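Notes to accompany the following structure.
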Amino acid sequence: MLVKFYGLPFYVFAPQVLYMFVFVTKCCLNFFSMKYVKRFLCFAMTTDRKMKAAKAAFDTSVDCGITFFDTAEVYGSRFSFGAINSETLLGRFIKERKVKDPEVEVAVATKYAALPWRLGRQSVLTALKDSLNRLGLSSVELYQLHWPGIWGNEGYIDGLGDAVEQGLVKAVGVSNYSASRLRDAYEKLKKRGIPLASNQVNYSLIYRAPEENGVKAACDELGVTLIAYSPIAQGLKSCRFKT
């Protein structure tokens with residue numbers, strides 16, 4: 001599904017080739033679960049063969065017109081058993097692709113990890129600049145708070161607004177936000193004349209909680225784009241069962 005998002009094309013329910021590439025980058029978030037660790041190691045360890053496979057997935061996605069890639073600073077981080085950071089890989093793939101095709105436009109979304117020791121608006125800007133450095137970009141299309149902070153979110157929302165005003169991002173969003181948190185973030189940014197662009201949540205034909213907990217309704221009401229992660233339920237919707 002192609003979604004017009006502030007004038008930029010964003011694929012929410014992407015074909016499987018893109019999903020598998022993005023899923024590689026996301027598995028490391030669940031590093032406490034061995035099944036995800038095994039899957040992550042299977043796809044993302046920095047062997048030459050698997051690196052070529054990841055690059056081929058990226059190039060195939062772009063060839064098919066899929067040019068929106070969602071990543072995060074914690075995907076493939078130092079916690080992930082030595083895997084290369086996803087932002088670093090994505091930045092490398094974009095740079096190599098532009099050498100081949102200078103006219104190609106790739107839209108990047110990444111996320112801020114609201115870790116307990118990160119406090120205040122400046123931590124958002126510092127993390128964003130680190131992400132941009134890894135990506136090799138001067139700005140990204142979308143910067144998101146990956147999850148709500150345990151000490152509150154006001155400073156983080158202020159940091160998102162600062163990032164927009166400094167030209168480091170084109171749009172800002174949140175991820176894994178409830179309806180009430182979504183409304184709070186929306187109102188705080190609205191006071192600065194900055195729209196809350198998106199809320200990225202777990203949403204698929206199998207997992208439809210956003211329809212039941214008020215998140216989708218709040219997004220629709222406020223004009224916030226709902227971005228689905230795990231849109232094929234981490235592969236369950238793509239399985240073929242023999243009968």
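Restricting the range 138-162 to residues that are among the hydroxyl-bearing types (Ser, Thr, Tyr) and not in a helix (DSSP H, G or I) leaves a set whose member that is nearest to Ala197 (Cα to Cα) is Tyr143. Of all residues in the range 163-180, those being assigned to a loop (DSSP other than H, G, I, E, B) and either among the polar types (S, T, N, Q) or surrounded by fewer than 18 Cβ atoms within 10 Å (Cβ to Cβ) (or both) number 4.
Quick grid of which residues meet (1) closer than 23 Å to Arg97 by Cα; (2) at pLDDT below 95:
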residue: Leu132; (1), (2): yes, no
residue: Ile150; (1), (2): no, yes
residue: Gly167; (1), (2): no, no
residue: Asn176; (1), (2): no, no
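Pairing each residue of the range 48-60 that is within 15 Å of Asn85 (Cα to Cα) with any residue that is open to solvent by 40 Å² or more (accessible area, probe 1.4 Å), provided the two are 6+ apart or on different chains, yields C-beta distances under 7 Å for Lys50/Phe43. Against the criterion of being of a type in the set (A, V, I, L, M), touching a Phe, Trp or Tyr at 6+ places or on another chain (Cβ under 8 Å), over 24 Å from Arg121 (Cβ atoms) and at pLDDT 95 or above, Ala228 qualifies. The residues in the range 96-137 that are surrounded by 19 or more Cβ atoms within 10 Å (Cβ to Cβ) and part of a strand (DSSP E or B) can be counted, and the count is 5. Sub-6 Å Cβ pairs linking a first residue in the range 167-189 that is under 15 Å from Ala72 (Cα atoms) to a second residue that is open to solvent by 60 Å² or more (accessible area, probe 1.4 Å) and not β-branched (Val, Ile, Thr), at least 6 apart or interchain, are Asn176/Trp147, ordered by first then second residue.
When the criteria are applied in full, Ile227 fails the requirement of being surrounded by fewer than 22 Cβ atoms within 10 Å (Cβ to Cβ) and either assigned to a loop (DSSP other than H, G, I, E, B) or touching a Ser or Thr at 6+ places or on another chain (Cβ under 6 Å) (or both).
Here is the figure for the range 138-159: residues that are among the aliphatic types (A, V, I, L, M) and either open to solvent by 10 Å² or more (accessible area, probe 1.4 Å) or farther than 19 Å from Tyr229 by Cβ (or both) total 2.
The values are calculated or read from the model by the stated rules, or taken from the named source; none is laboratory data. None of the values given here were measured: they were computed from a predicted structure. Neighbour counts run over all protein chains shown; Cβ positions are idealised from the backbone, glycine included. With ligands, DNA and RNA removed, areas are computed over all heavy atoms of the protein, side chains included. Shrake-Rupley method; radii C 1.70, N 1.55, O 1.52, S 1.80 Å.
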